[in-house]
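Below is one structure, written out as structure tokens; comments come after it.
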Amino acid sequence: FGILYYFMLSIRLHKVGKKNQPYYRLVVCEKKTSAQGKYLELLGSYNPRSKEIKLEKERILHWLKNGAQPSATVNNMLIKQGMVKGAKQKVWYNHEKDEAKKAEEAIKVAATAILQAPAEVKPEV
């Protein structure tokens, strides 16, 4: 009755700022909850405009020891603050650029195939 069971826990950013004035809370929540959903505990805050970061280091380390996984952005933030050791994770990937590159390569392959194909000569009658 008094025991709470949680699934995969995540430490991530929870946006609370106004339009064009972002402000984030660092929270621990279940992995499947929505980005603006309920969270279990508030662990700090981050203001990207002033680059101000406030962290409750003891509580963050407590949740990390109990199996909570930080998001890529939070992981990089913790590495920068010296709380976690390791390499930074890539946060964002430009899929549009990758698709454009693949399409360009496909066009080049098709063009070389057309140029290398023997020309068909029709016999004159």
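Values quoted throughout were computed directly from the atomic coordinates according to the rules given, and no laboratory measurement underlies them. Given the structure is predicted, the values throughout are model-derived calculations rather than measurements. Backbone-built Cβ (ideal geometry, glycine too); neighbour counts: all protein chains shown.
A few remarks follow.
- Length-normalised contact order for the chain - Cα pairs under 8 Å, 6+ apart - percent: 17
- For the stretch 9-81: relative contact order, % (alpha-carbon pairs under 8 angstrom, 6 or more apart): 30
- Anisotropy class assigned to the stretch 9-81 is oblate, per the alpha carbon gyration tensor with a/c at or over the 1.5 cut-off and a/b no larger than b/c.
- With 5 Å bins beginning at zero, the pair-distance distribution over Cα atoms of the chain amounts to 2, 9, 14, 15, 13, 9, 6, 5, 5, 4, 4, 3, 3, 2, 2, 2, 1, 0, 0, 0 %.
- Order of Trp92, Trp63 under a 10 Å beta carbon neighbour criterion, fewest first: Trp92, Trp63
- Sorted by Cβ density within 10 Å, fewest first, the residues His95, His62: His95, His62
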